[in-house]
Each structure stands twice: as structure tokens, then as C-alpha cells.
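Right, one structure below, let's go through it.
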Amino acid sequence: MASPSTVSNKNMLSGKHGKSLMYIRNFINGSHCPPLSGNYIDNVDPSTGNVYSCIPDSEETDVQQAVESARTAFPAWSVMQKQKRSAILIRISELIRDRTEELALAETVDNGKPLWLSRSVDIPRAVSNFHFYATAALHDWTETHNMEGTALNYTLRNPVGVAGCISPWNLPLYLFSWKVAPALASGCTVVAKPSEVTPMTAYLLSEICMDAGLPPGVLNIVHGYGHKAGMAIVSHPEIAAVSFTGGTRTGEIISRTAGPMFKKLSLELGGKNPTIVFADADFDKAVHTSVRAAFSNQGEICLCGSRIFVEESIYKKFKTAFVKESARLKVGDPLLEESNIGAIVSDSHMIKILSYIDLAKQEGGEILCGGNRVQPKGRCEGGFFIEPTVIENLDAYCRTNQEEIFGPVVSIIPFRSQEEVITFANSTQYGLAASVWTSNLKTAHTVAAALQSGIVWINCWLLRDLRTPFGGMKNSGVGREGGFEALRFFTEEKNVCIRLK
Ligand code: NDP
């Protein structure tokens, strides 16, 4: 049984940096093990810029071991009584809840997001993901199709086998559990890889799985780089389904590998989401929620509204109020309650975001607020922080308004008519989420129907019901997560037809 441990006292070794660093391990066949190569990758706390732990630089051989362990565990797990499987997953959700404080701190140190956000959103959502799928699996049903007395068809859904789950760094445990929980609930065994940038909570989850009595090999967690460990998962012939969340470019690489192998593939990719504000909207709510949609989690949520289209007649008033509220957001130490915006996840991502701010200026954009790196005094001086940045005067079709920046940077643009704003909103390669603000029911329905977007929020943002289909159109993804869609993704459907006459 794994002992309840804290991030700061487990697996401490003297690292190459001369300090005591925590060495994360892979989780294979129910126990922790070092990478076979013995190589590790530095893990940086983005709020300080310091290396604080090391993670396995896993290779194909580590993935091979994980797949073998998952394959061995599959027969027993896939036929285990649903109630029994469900009880183990519920236990995992309870143990995550019991360790909320520790997990929230780990998430914040790893990712840079404010601790209050990890505590109120990321970790509770991981609890819900396990609880939701543990119980949803008990309520799954199957269809029958009666051919007017000639024959009866029914549909069987069996787990596909070993599933590969690959998740990004922006909502680490939240998105990791969003894949792993439905895979396990549907009876698959799993080889999973969290982002190498934010591995810590997945590591802590492996301890929780041991404590919850998850049988060895049912969940295997391999840490390391995407192009090595990630690719080894995607290309492994024994992995029948791959569920991936990450960038569109990576999704393309994964499709090219998994497609010709005829694997089941679920891709949740990038976004460049519009927020559309009509003149008849509830003004204060629209301003406040649009600011939240723009800058929550440093703008590093695939659902953030980064293109804000405002009807011409209220453009000036909205712009003034939006900039005022944005400029008030406090950027700083994510451990402090008063910080609204924490650190950007890495040095390289910060540089990328700043380069987009430069691009916006070259494209004629005017910075209304922000635009700079922040170096808070004290503990976080070497951290990666950027001011919330609002830009105007940019054409809807310029690169700044077409490419995903994935940071605290938004552009604000006036529109003249419903037709025009729909054209603007649909003009990117992406189609993940949109938020529409209006008090006119007809406008709401018409615009929602016309938007090329997997999710449309009317007069709200990020209001999520786990039963609903989640995913994007166009280059934002293939397939849907959430609800029974996710459970069914991890199964293979079979039609059984019985002749009656
Ligand atoms: P990446 O695409 O860089 O990485 C995602 C995961 O894939 C990581 O674990 C990464 O490992 C791994 N990976 C990278 N290359 C490969 C490869 N060749 N084969 C297999 N795995 C690979 O995305 P980010 O982590 O940078 O996340 C940000 C992106 O995720 C944004 O574009 C965002 O929009 C998108 N996203 C989409 C969501 C959605 O639901 N649609 C939700 C959240 C984020 P490593 O970290 O080692 O590179």
C-alpha cells in the first residue's frame, strides 16, 4: 500500500543540480519503477523558473513494459462485475477528494496556475470525472432493433482492449482523469502519458490508485516526451484506441501514425474561440464573464474566448469596461490568494506568447492594456508571467486573430451585423467553443445554429454538464468526449442479428 506522502518528502534524491530533488517514477504493473534508460528530464516550477523535480525520460522499452502489463490485466478487468469496477473508481475519486490540498499544491507548483484555482476547479473536477464515469457505466444501456417480427437486432459493446491516453499540460489532472476514468469504467486497461511539463498530479494519482485497490496493470502511467514515449504509445500495435488532447499539429502527427493502423482515435485539439456580444446583452454580466473567459488559467484553456466581437453600437462602452476590469487583474505568485493570474507554464511558452504580442503590433494592433512580461519581486522574480493583454484595431483575418496563442492575450473587434459576426467567428481553422451574449431568443438560436463550433454557450461560459458531448469541429478535433460518448469510444460495437422466422 502506498503511504500518504507529500510532494516534498517522497523519493527525494540528490540530483545533478546538487539539491535534493524529487524523482518521479513510472507506474507499471501496480508499482513505481525508474525509466529503463536511467535518464530523467528536469521539471521546472514556472512561478520561480527553478528545477524542482525530475521525471523519467521514458522510451519505447518502458512503454512496451506498460503495454504488456495492461494486456495481462485486461482479461480480468474487462469481465469484472461493473459494480465492483465502479466501487474501485469511486474509491479513487474519494481519495483524490481527501488529498485535495496536496494535489492542488502539486498542480500549482507544476503548472503555475493560482492555488485557489487548482483547489476550486482542477482537483474537484478530477474527483467528479472519476465519480461520474464510475456511476455512468452502471447506467449504460444497449439498443434493440426489431425487424417487424422477422429478426431482432441488438448491439453489444465490449471494451476495445488496451487504450492509450495522452493529455496536455494546461489542466493536468482534470484532463488526464477525463480520459482515464471513462477508459477504465468501460473495462479497458490503460497506458497513459501526462504532459512531461506537468507530470506531478498523475504521479500522485498512481499512489491513489494503489491505495484504492486498483488491480496491478489496469492503469499504467509512463512519463516522458511526446515524441518518444507518446509516439511509442500511439504506434504500439497492441494499443487499440488512442484518446489524445493537445495541439492541432500534434493531433495531425498522431493521426498520420494511428490512422493507417486503423486504431480508434479521439482527438481534442486547439481552439480560437469567439465571444460574441450583441448590443442587447446584459452588459455587466457580458463584460465580467468575457474577462473570465479570456484570462482564466492565464488564458491557457482550450475553451478561452480569445476573439471578442462586440456590436458596433456598444463597442466603445464595452471596450472601456473590458479593459478596466482586465487591467485590474493581479498577476503574481500563484500561492497567494490575491493573484488572479499565475505563471505561464514554461519559458518557451511565455516566449511564444510574447512573440504573438509583437506580431499583433506588426499587424497594426494597438495594445489597450498589458503586453509585457511581469517579474514579481521576491520568490517569483525568475518566473514566467505575462500581463493580461487586450489588443484592438486588428483585422479578423490577420494571423493574430487566426492562430491559437493560448495565453492571456485577446483581441477585441467591432461588428456591424449578425451575418458579419458569424462570418468572422467561423473564419478560422478551429471550431471548438463559442460564447454568445444576447437577450433576444431568436438571435441566440440563429447564431448558435450557424456557428461552426462544438460547444456554444449562450449568456455564460464554461458551464459544464459532464453528460453533454464535448469536442470540436474542423481542426479542433475528431470525435466527442463526455457523457456516454466517452464510454462508448473505448468500446467496440457489435450488431447481433437473430432471425425469428
Ligand atoms: P501538445 O500537443 O504539445 O501535447 C499534448 C500531449 O501530447 C503531451 O503529453 C505531449 O507530450 C504529447 N505529445 C507531443 N508530441 C507527441 C507525439 N508526436 N506523439 C504522441 N504524443 C505527443 O499540447 P500541449 O501540451 O502544448 O497543450 C496545449 C494544446 O492542447 C493547445 O493547443 C490546446 O488548445 C490543446 N487543448 C485542447 C483541449 C480540447 O479539449 N480540445 C483541452 C486542452 C488543451 P510532451 O508534453 O512531452 O510534448
For Ile357, the lone unmet condition from (1) more than 23 Å from the chain's Cα centre (by Cα); (2) of a type in the set (Val, Ile, Thr); (3) not in a helix (DSSP H, G or I) is (3)
Over the stretch 422-446, the set of residues surrounded by 22 or more Cβ atoms within 10 Å (Cβ to Cβ) and more than 12 Å from the ligand (Cβ to nearest atom) is Ala425, Thr428, Ala434, Ser435, Val436, Trp437, Thr438
The condition from (1) open to solvent by less than 10 Å² (accessible area, probe 1.4 Å); (2) within 10 Å of the ligand (Cβ to nearest atom); (3) not in a loop (DSSP other than H, G, I, E, B) that Ala241 misses is numbered (2)
Within the stretch 378-417, of all residues that are assigned to a loop (DSSP other than H, G, I, E, B) and within 16 Å of the ligand (Cβ to nearest atom), the one surrounded by the fewest Cβ atoms within 10 Å (Cβ to Cβ) is Glu403
For the stretch 444-485 the number of residues that are among the basic types (Lys, Arg) and part of a helix (DSSP H, G or I) is 0
The residue that is farthest from Gln452 (Cα to Cα), considering only those in the stretch 244-281 that are small (Gly, Ala, Ser) and open to solvent by less than 10 Å² (accessible area, probe 1.4 Å), is Ala258
Is it the case that the stretch 368-391 has a residue that's farther than 29 Å from Leu336 by Cβ and either at pLDDT 95 or above or assigned by TED's automatic domain parsing to the domain that holds Val323 (or both)? no
Taking first residues from the stretch 357-373 that are under 21 Å from Val331 (Cα atoms) and second residues anywhere that are open to solvent by less than 80 Å² (accessible area, probe 1.4 Å) and among the hydroxyl-bearing types (Ser, Thr, Tyr), the pairs with Cβ under 8 Å that are 6 or more apart or on different chains are Ile357/Thr389; Ile367/Thr389; Cys369/Ser326; Cys369/Thr389; Gly370/Ser326; Gly370/Thr389; Gly371/Thr389
Matching residues in the stretch 282-302 (open to solvent by 10 Å² or more (accessible area, probe 1.4 Å) and closer than 22 Å to Gly472 by Cα) number 5
Exactly one of Glu481, Glu485 is assigned by TED's automatic domain parsing to the domain that holds Asp122, under 11 Å from Ser266 (Cα atoms) and at pLDDT 95 or above, and that one is Glu481
Filtering the stretch 256-273 down to residues that are under 19 Å from the mean Cα position of the chain (by Cα) and over 19 Å from Val190 (Cα atoms) yields Leu269, Gly270, Gly271, Lys272, Asn273
Might you check whether a residue that is out of contact with any Gly (no Cβ under 8 Å at 6 or more places or on another chain), modelled with pLDDT of 95 or more and within 8 Å of the ligand (Cβ to nearest atom) occurs anywhere in the stretch 175-186?
yes
Turns out the strands (runs of 3 or more DSSP E) fully within the stretch 260-346 with at least 1 residues that are away from the ligand (no atom under 16 Å from the Cβ) are 273-277, 305-311
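The values are calculated or read from the model by the stated rules, or taken from the named source; none is laboratory data. Quick caveat: nothing in here was measured; it's all calculated off a predicted structure. As a convention, Cβ positions derive from the backbone with ideal geometry for all residues, glycine included, and neighbour counts pool all protein chains shown. These area figures cover heavy atoms from the full protein model, side chains too; ligands, DNA and RNA do not enter into them. Shrake-Rupley method; radii C 1.70, N 1.55, O 1.52, S 1.80 Å.
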